[in-house]
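Here is the structure we will look at, set down as structure tokens.
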Amino acid sequence: MVPPCTESLRNPVISLYPVPSYEPGVDDDDRSTWSKVTCFAEALPALDHTAQHQFQGSVELGTKIATTYSESPLALRDGKQMEPDDYFRKQNFHNADHAADGKKKFKLTADKKEQIANQDLGREKMDDMSATAILHEMLKITDADIAKAAWKSVEKLSTEERGKISMDLLEQRIGKQAFDALPEAESRILHLFIFIGCGAHKSLNAFCYGVVEMRDTWKWEGLKGPCDLANKSHELATKIAANNNNTEASKRCEKSCPRGGVKLCELAGALFRHKDGETGIRKSIVCLWKLGNMNSTIFRRRTFPDVSNTRYQSHSYAVAELLVFRDDYQELVEEICDGKTKQGPNHLEGNVLKGLQDPDTLAELGAMALEGVTVSWPYMGLIRSPPEGQKFVNALSPEMVKLHRNKIIPFCENFALHPEKVLDPSTPLNELTLDGEPLIDETIIPTLCMLAPQLPNLNLMISAMFRGTANGWRLFTTEYTNDPDDSRCIASLSPELLALLGQIPMTNDSNEGILGSLRKYIKFNPSSDAHTFSSLTRSKRNNLEAFISKLCQPDDQSYVMHLARELDESGEVRRFRDQYLKLQKERAELSRKRVEDIARKRADELKRLNDIGVITDCALIKGMKLPQLKDQFRQHKHVRRDPELANVTQSSLKNKQAWLDAILAAVERMGPDQ
């Protein structure tokens, strides 16, 4: 088994296809008894998490499913066959998060589906074409086309490989012509493949954009902002820089110093609920909670939010806990510190206390808590509360389209423009919460109203948080944009296409949950592996027992046992391990070579600059051409190490005069003898 960090879910679920119930006494030929279900496929480790390897896993999975069925006695009795390409023909949507690799995999899958559709059309068209016409189209395929399709030079291809690639290209070429001649309604059905992003990830990303906006707002407004929450090493580096009057080092330390509400949440998570279960004062909190020394509502889940493990929405829950019960947490930490043999807080405890007493840090906590209670938490309730009789919320439903297209962004923008409305008791519920329902946590707003006189920048942070959140929602809800001409948008789908898509889950929980289940399984079964987990999970989740009881016969059991023995003997797991170790070695060697190349280039550049020398005669400098000016700039920045040029990039110098001004200023600062 590869290390957990390299595990990648290769299409763990195949979602929402109508299947029979396989219940006894039910006519499975009657499609009215069928229902759409989500089936588990496999959760196997991958060499890496790149889109290419994820897509290759999909291709392998489709081939495995098609081959297993087509060669089975069941297929022989059904009189049917399944092609590997059927796996892609049946896909109409991609439900995933918004990560770059997921978007790229979506593009690869869409291209594959389009290629298959064109080949299907090409085969049909060729049946009606004369041999002369087919030969004429074949002659248009060049060696360059073949090399591009094969990802290698034509000389390295065997005659058989070249012939197969040429035939595929021919079918695609003729199919493309046939596709272009189809009516728009038919062509759209053939290439129907739309991306629907997971709603939970949308909310998470929008929240992150709000946090970034708060951080940037301090700079734009010229304010000091939250207090430093540096670790011991960073604090020591800052002191050394200050003692040595090193202005450049001090600026770098200040710029990189961690601070703000999110950092305080991380420190509090490490102190109150560390992921190792031992570090911090978690046991003391549990004891105090049991004794009733603290308000029992402080631990709605009986523990501090799991920020240390970065659980979903743990930061928004944590800011609410820290804000509402700030005095209780401060008192708890102080009591623990006073009860030590050597009294006083350690560095972590000291930073938590400092953050809980800093007005600007509390302002960030307040803004994040308000975003959670008015937007994020109600939103999660909306997308995870399916209608009666349904298993999930449909992303294509009119309610979800209206929410993402017309409501959520204006709602956030309203608070960004009028932050005072959040704390105004006269604000109606339909303007205070996204769902128009009472606040999930009614303690947050009264707490902020009491703290507001001590937080001069509270409204500024509320405005920044909701402004950033609105920008995030705008970026991650593009599929809901009201643009009928954009095929990526739901608005472009006709009623027929919407009916063909059916229902799409608003969240990607089925995929994400499998990864958690796999990790938990490996934790409690360390000698097992992902292949065994996949087999067990398929048996439990796919109604396999009912399927076997109703449709399978003894020859099917013999066939499956034969396949299992073949898989055990194939050495698939061993081959994967060998490939992973080989890839890891190749990456290490490539990285070492890259580091050596960079060091060599830097050394050669320094030698070249030293050979040129520094020119301090202003008259000579003014007569230099641009390449010479660039060399002198590098002399002052890299050889003489002018602190003022440390953060000046070459791209920021837009013309020759800018280069000249920067060099003359450096000469004046450093002097001729430096």
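Bear in mind that the values in this text are calculations on the coordinates, not laboratory data. Worth saying up front: this structure is predicted, and the values here are computed from it rather than measured. FYI the Cβ positions are ideal-geometry reconstructions off the backbone, even for glycines, and counts take in every protein chain you see.
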Between THR481 and residues 5 or more places away or on another chain, the pairs with built amide H atoms under 5 Å apart involve ILE490
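What relative contact order, as a whole-number percentage, does region 139-282 give when Cα pairs under 8 Å and 6 or more residues apart are counted? All intermediate terms of the calculation are to be shown ahead of the outcome.
Details: 63 pairs, mean separation 18.3, N = 144.
For region 139-282, the relative contact order is 13 percent.
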Enumerate the whole-percent occupancy of each 5 Å bin, from 0 to the last occupied one, for all C-alpha pair distances of region 482-524. 5, 18, 14, 16, 11, 10, 9, 8, 6, 3, 0
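If you average the sequence gap of Cα pairs under 8 Å that are 6 or more apart and divide by the length of region 614-674, what percent do you get for the contact order? Don't skip to the answer; put the middle values down first.
Values: 36 pairs, mean separation 26.5, N = 61.
In percent, rounded to a whole number, it is 43.
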Sort all Cα-Cα distances of region 19-115 into consecutive 5 angstrom bins from zero, then give the percent of pairs in each bin up to the one containing the longest distance. 2, 11, 16, 20, 20, 13, 9, 6, 3, 0
Pair HIS49, LYS540: separation of 7 Å Cα→Cβ label points (nm): 2.4
Percent of all Cα-Cα pairs per 20 Å bin for the chain, counting from 0 up to the last occupied bin, reads 13, 36, 36, 14, 1
Scattering curve values for region 436-558, log₁₀ I(q)/I(0), Debye with Cα scatterers, q = 0.23 Å⁻¹: -1.28
Which residues' amide hydrogens lie under 5 Å from the amide hydrogen of VAL37, considering only partners 5 or more residues apart or on another chain, with H built in the peptide plane? LEU16, TYR17, VAL19
Neighbour cut-off at most 10 other Cβ (10 Å), DSSP loop, chymotrypsin sites (Phe, Trp or Tyr not before Pro), region 431-537: none
Calculate the length of the line joining the C-alpha centroid of region 514-581 to that of region 176-231, in whole Å. 36
Calculated from backbone phi, Karplus (6.51, -1.76, 1.60) coupling profile of region 369-385 in Hz, x at Gly/Pro: 5, 5, 4, x, 6, 9, 10, 4, 5, x, 4, 5, x, 5, 8, 10, 10
Note the angle between two axes, namely the Cα long axis of helix 572-612 and the longest principal axis of the Cα atoms of the chain, as a number of degrees from 0 to 90, rounded to the nearest 10. 40
With θ set to phi - 60° and the Karplus curve 6.51 cos²θ - 1.76 cosθ + 1.60, what are the ³J(HN,Hα) couplings of region 120-132 in order, to the nearest whole Hz, using x for Gly and Pro? 4, 5, x, 5, 5, 5, 5, 5, 9, 9, 7, 4, 5
Over region 614-674, one equal point on each Cα, no solvent: what is log10 I(q)/I(0) by the Debye formula at q = 0.14, 0.21, 0.30 Å⁻¹? -0.31, -0.74, -1.57
What is the diffusion coefficient of region 351-460 in µm²/s, taking the Kirkwood radius over Cα pairs and the Stokes-Einstein relation at 4 °C with a viscosity of 1.567 mPa s? 84
Taking the convex hull of the alpha carbon atoms in region 571-612, what volume per residue do you get, in Å³? 25
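Would you mind calculating the relative contact order of the chain from Cα pairs under 8 angstrom and at least 6 residues apart, reporting the percent as a whole number? Numbers along the way, then the final one.
Details: 756 pairs, mean separation 105.3, N = 674.
Averaging sequence separation for qualifying contacts and normalising by length gives 16 percent for the chain.
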Residues whose built amide H sits under 5 Å from the amide H of ASN394, excluding neighbours closer than 5 in sequence, are none
